[in-house]
Structures are given as C-alpha cells and as structure tokens.
Amino acid sequence: MGLGNTVVNLSAHFNNRGIQPPDTPGDYGFNIWRNTFPAEELPEPGSLVDLVGAVFEFPARKSAAGDNVRCRGQLVELPGGSWDWIGLVGAAERRTEDEVELHYADGTVRREWLRMSDFWPQTGAYFGEPRAFVTGSMRYPRHTHLHHAPSIWQQRVPVRVPAPLAAVRLPDNPAMHVFAMTVTADEESRLAS
C-alpha cells in the first residue's frame, strides 16, 4: 500500500529566522541565545526532500519574516481531502509536547499531541522520532562552533477520524519550531474519498 502526500505552504506563517548563511549579520536566532543552524549544511531553499517516505519542501530563506514557524497558535489551512497523517519537520528549544487542534471541514475540532525533541547538539530523540537533519556545526551570534551537531526532527500527528480536514492549529508554545509540513494519506484512502 503506497502513500501520497501534499506539501503545505507555511511561508505566510514564518516568524523566526533559525537558518543562517555564513557571514550574514542580522536578526537571526532560533533560540533565546540566538543560536542558528548553518545554511550551507542544509538542503537548498525551496527544495523537495524525501524523509522517511514523506516529501517536504525545505523552507526558502528569502522571506524577511523567516524560515520557520515559532508556534504561537497559528491556524494553518490544509489542502482539501481526508488525510491519515500531518507530517512536520521541526525542533524544540528544549524537548516539549503540546496539543494541536485538527479542524475538520464539518466544524468539528479534535486534539492530538505534537511531541518535539530538543535541537541542542548531541541530544537524542527523546520522543523516538526520526532525525531529519543534523549539522556538523552551530552558529552563535559572533562565531560558528564546530563539532556542535544540532538536529531537526521529523514528527507526525495522526488523523484518527477519516473525514476531510480544513486546518490545523499549532500549539501556543514558542519553544516549538516548524520548518515544513505535509499531509499524507494511504493511496487506498485517497481512492475511496
């Protein structure tokens, strides 16, 4: 049984700049200490990446608003359809878990858990999710620290009720950051809908 997925455009919700090209001053800072991921060690902006069977669009860094969503309760519209999973690429400033709201087309709202492990170098997956990306260095405001290996993780949120979804509301939890999102369905589910 195959999977099909559709990329969700998050650019209208970007509010944080956590990926920094070399020698670029400015308002960057994934966390309170203004650490960032080195851009040259991550996929090209806007490229499609296949992670554990789901395709995501790596965020374009041309937006002045940023390259990720620091979660503050944003309501993200989803492509129409019935989905089995909402996939996310993200990381937390410290391991954390919080609820997302699944908004169905009929007005029903259901809650599910989103769990994210810490981005901090050499920290493992606390919640067991797969690592999407790891870099070999980490930026600080005045230098790049080699041999620090921060991580970005792949999470997924189950859609337990097979009905058309309209949107997902992210948690109001600024420690959580989302770089990319996709919705996934079993091919059999898509053929049935």
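The values are calculated or read from the model by the stated rules, or taken from the named source; none is laboratory data. What you see is a predicted model, and the numbers here were worked out from it, not measured in a lab. Note that we place each Cβ from the backbone using ideal geometry, even for glycine, and neighbour counts take in every protein chain shown.
Please indicate, with yes or no, whether at least one residue in region 56-68 is touching a Leu at 6+ places or on another chain (Cβ under 9 Å), closer than 12 Å to Ala180 by Cα, assigned to a strand (DSSP E or B) and of a type outside the set (S, T, N, Q).
yes
Tally time: how many residues in region 94-125 are closer than 20 Å to Arg156 by Cβ, in a loop (DSSP other than H, G, I, E, B) and without any contact (Cβ under 8 Å) to a residue 24 or more places away in the chain?
Count: 1.
Checking Ala132 against (1) outside any strand (DSSP E or B); (2) within 20 Å of Leu42 (Cβ to Cβ); (3) out of contact with any Ser or Thr (no Cβ under 7 Å at 6 or more places or on another chain): exactly one of these is not met. Which one?
Every listed condition holds for Ala132 apart from (1).
I'm trying to understand the selection: among the residues of region 152-164, which are over 12 Å from the mean Cα position of the chain (by Cα) and crowded, with 17+ Cβ neighbours inside 10 Å? Give the steps one after another, and end with the answer.
Taking region 152-164 and keeping what is over 12 Å from the mean Cα position of the chain (by Cα), we get 158-164.
Scanning region 152-164 gives a single hit, Val159.
Select from region 101-126 the residues that are in contact with a Pro (Cβ under 6 Å, 6 or more places away or on another chain) and closer than 20 Å to Asn15 by Cα and list them in ascending order.
Correct list: Phe119 only.
Limited to region 31-57, what total is found for residues that are buried (at least 16 other Cβ atoms within 10 Å of the Cβ) and touching an Asp or Glu at 6+ places or on another chain (Cβ under 7 Å)?
Within region 31-57, residues that are buried (at least 16 other Cβ atoms within 10 Å of the Cβ) and touching an Asp or Glu at 6+ places or on another chain (Cβ under 7 Å) number 1.
Answer with yes or no whether Asp23 is assigned to a loop (DSSP other than H, G, I, E, B), loosely packed, with under 15 Cβ neighbours inside 10 Å and at positive phi.
So Asp23 fits the description; yes.
Looking at (1) under 18 Å from the mean Cα position of the chain (by Cα); (2) over 22 Å from Phe14 (Cα atoms), which is the one condition that is false for Gly136?
(1)
Okay, residues lined up against (1) surrounded by fewer than 14 Cβ atoms within 10 Å (Cβ to Cβ); (2) within 23 Å of Val161 (Cα to Cα); (3) touching a Phe, Trp or Tyr at 6+ places or on another chain (Cβ under 9 Å):
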position: Leu75; (1), (2), (3): yes, yes, no
position: Gly81; (1), (2), (3): no, yes, no
position: Ile86; (1), (2), (3): no, yes, no
position: Glu97; (1), (2), (3): no, yes, yes
position: His103; (1), (2), (3): no, yes, no
position: Arg110; (1), (2), (3): no, yes, yes
position: Asp118; (1), (2), (3): no, no, yes
position: Tyr126; (1), (2), (3): no, no, no
position: Met138; (1), (2), (3): no, no, yes
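Checking Gly90 against (1) surrounded by fewer than 16 Cβ atoms within 10 Å (Cβ to Cβ); (2) at pLDDT 95 or above; (3) small (Gly, Ala, Ser); (4) within 14 Å of the chain's Cα centre (by Cα), only one condition comes out false. Which one?
It is condition (1) that Gly90 fails.
Residues being without any contact (Cβ under 8 Å) to a residue 40 or more places away in the chain and of a type in the set (Asp, Glu): count how many of those fall in region 45-75.
Here the count works out to 1.
Working carefully through the options Ala175, Ala180, Ala185, Ala167, find the one that is at pLDDT below 95 and either assigned to a strand (DSSP E or B) or buried (at least 20 other Cβ atoms within 10 Å of the Cβ) (or both).
Ala185
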